[in-house]
Amino acid sequence: MSPGTASGTSDSSSVGTTWNGTVPVRRKGHNEGEEKTEGEEEEERSSDEGFMGMTPLLQAHHAMEKMEEFVHKMWEGRWRVIPHDVLPDWLKDNDFLLHGHRPPMPSFRACFKSIFRIHTETGNIWTHLLGCLFFLCLGIVYMFRPNMSFVAPFQEKIVIGMFFLGAILCLSFSWLFHTVYCHSEGVSRVFSKLDYSGIAFLIMGSFVPWLYYSFYCSPQPCFIYLIVVCVLGLAAITVSQCDFFATPQYRGVRAGVFVGLGLSGVVPTLHFVITEGFLRATTMGQMGWLFLMAALYITGACLYAARIPERFFPGKCDIWFHSHQLFHILVVAGAFVHFHGVSNLQEFRYTAGAGCAEDGAL
Ligand SMILES: [Zn+2]
């Protein structure tokens with residue numbers, strides 16, 4: 001009855017799955033290498049007898065439950081990558097990636113095990129998993145810097161901590177989403193919303209230390225810009241909760257929403273350049289690093305929206321160097337460049353001391 005009792009072989013290579021209508025066969029006992037005890041056989045016999053005594057409806061229900069159990073066991077075994085055209089609709093996202101997709105795997109264990117297999121999501125998972133660990137370590141090291149290297153250690157560590165929190169949330173939601181994306185339609189929907197919200201957290205968290213140091217001596221505009229970016233960020237998170245937002249047709253809209261949120265920084269940038277002058281903005285204000293960061297993020301968003309390079313080489317970038325992977329790498333690079341700019345701003349504040357000029361300038 002149970003698929004696990006078909007054979008007593010202990011050859012793990014015989015646990016196989018195929019797609020395209022071929023039902024995978026698991027030819028192994030559910031507990032590897034274990035022989036069934038008499039008690040277990042007795043239990044199974046009585047379960048079969050019980051099954052025969054059920055009404056047809058109950059039998060069907062029971063059979064469905066057995067089937068579900070079987071599907072779960074099977075995906076924890078071996079699976080093969082499948083082409084894009086046999087994916088269910090909810091897993092169809094980028095039709096320029098022709099092969100190498102994971103099949104639906106309704107088991108979290110199987111999804112997490114797939115991190116170590118090669119498929120279309122491998123690069124997406126690892127770029128942000130390693131990025132997340134990197135920012136976690138960097139954040140811990142930064143938080144343990146001696147207080148004497150700050151003007152207002154407690155306040156500054158919280159402010160810079162907001163950037164690290166945003167970056168770590170964004171990268172962890174992202175690798176988690178790419179890992180469990182193929183679990184089921186419902187799980188993919190929930191995690192895609194977290195993934196998009198994470199981008200808004202990264203942008204909001206990035207604004208905090210930048211505005212804090214850039215408008216150190218003018219707290220009122222600093223506060224207003226912070227409120228504005230938080231309201232816009234929350235609006236982006238709200239839009240991300242709509243089911244249509246995650247669909248392939250809205251790829252361009254998604255890129256636009258987050259680029260727009262990032263570009264809301266143009267107003268405080270202009271404010272800063274007008275009050276401080278171009279020279280001070282590029283030297284003490286770290287505008288060069290901020291422009292590089294914006295260029296990295298915007299390039300990433302454009303590649304993502306236009307699906308470059310795979311649109312020019314369909315089927316050639318299935319596993320490595322497709323647009324989403326490049327976008328992920330550019331996000332990590334952009335976040336690091338931002339951190340570099342912010343730590344330069346922090347150093348400038350430390351050298352300048354806590355005092356402000358009479359005119360409210362840096
Ligand atoms: Zn992603």
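The values are calculated or read from the model by the stated rules, or taken from the named source; none is laboratory data. Every value quoted in this text rests on a predicted model; they were computed, and no experiment measured them. Cβ atoms come from the backbone with ideal geometry, glycine included; neighbour counts cover every protein chain shown.
Here are the numbers:
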read-out: Conditions (1) modelled with pLDDT of 95 or more; (2) surrounded by 14 or more Cβ atoms within 10 Å (Cβ to Cβ); (3) out of contact with any helix residue (DSSP H, G or I) (no Cβ under 7 Å at 6 or more places or on another chain): number failed by A295; value: (2)
read-out: Positions within segment 166-198 being among the hydroxyl-bearing types (S, T, Y), touching a Lys or Arg at 6+ places or on another chain (Cβ under 9 Å) and not in a helix (DSSP H, G or I), in sequence order; value: Y181
read-out: Residue pairs meeting the criteria (Cβ under 7 Å; at least 6 apart or on separate chains; first assigned by TED's automatic domain parsing to the domain that holds L171, in segment 319-330; second away from the ligand (no atom under 11 Å from the Cβ) and among the acidic types (D, E)); value: H322/E310; S323/E310
read-out: Test: residue in segment 185-192 that is buried (at least 19 other Cβ atoms within 10 Å of the Cβ), under 17 Å from the mean Cα position of the chain (by Cα), free of Cβ contacts under 8 Å to residues at least 24 places away in the same chain and within 16 Å of the ligand (Cβ to nearest atom); value: yes
read-out: Qualifying residue in segment 151-165 (condition: under 30 Å from S107 (Cα atoms), modelled with pLDDT of 95 or more, within 16 Å of the ligand (Cβ to nearest atom) and assigned to a helix (DSSP H, G or I)); value: no
read-out: Test: residue in segment 141-150 that is assigned by TED's automatic domain parsing to the domain that holds C170, part of a loop (DSSP other than H, G, I, E, B), surrounded by 16 or more Cβ atoms within 10 Å (Cβ to Cβ) and within 16 Å of the chain's Cα centre (by Cα); value: no
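Here is a yes/no grid of residues against (1) modelled with pLDDT of 95 or more; (2) under 25 Å from the mean Cα position of the chain (by Cα):
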{"position": "E40", "(1), (2)": "no, no"}
{"position": "G50", "(1), (2)": "no, no"}
{"position": "L57", "(1), (2)": "no, no"}
{"position": "A60", "(1), (2)": "no, no"}
{"position": "E68", "(1), (2)": "no, no"}
{"position": "H84", "(1), (2)": "yes, yes"}
{"position": "F96", "(1), (2)": "yes, yes"}
{"position": "R109", "(1), (2)": "no, yes"}
{"position": "W126", "(1), (2)": "yes, yes"}
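For every residue, the table says whether it meets (1) in a loop (DSSP other than H, G, I, E, B); (2) over 19 Å from L211 (Cβ atoms); (3) in contact with a His (Cβ under 9 Å, 6 or more places away or on another chain).
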site	(1), (2), (3)
W289	no, no, yes
I298	no, yes, no
W320	yes, yes, no
L326	no, yes, no
F336	no, yes, no
F339	no, no, no
S343	no, no, no
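Conditions (1) within 16 Å of the ligand (Cβ to nearest atom); (2) under 22 Å from the mean Cα position of the chain (by Cα), marked per residue:
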residue	(1), (2)
F173	yes, yes
F177	yes, yes
L202	yes, yes
W210	no, no
Q220	no, no
F223	no, no
V239	no, yes
Y250	yes, yes
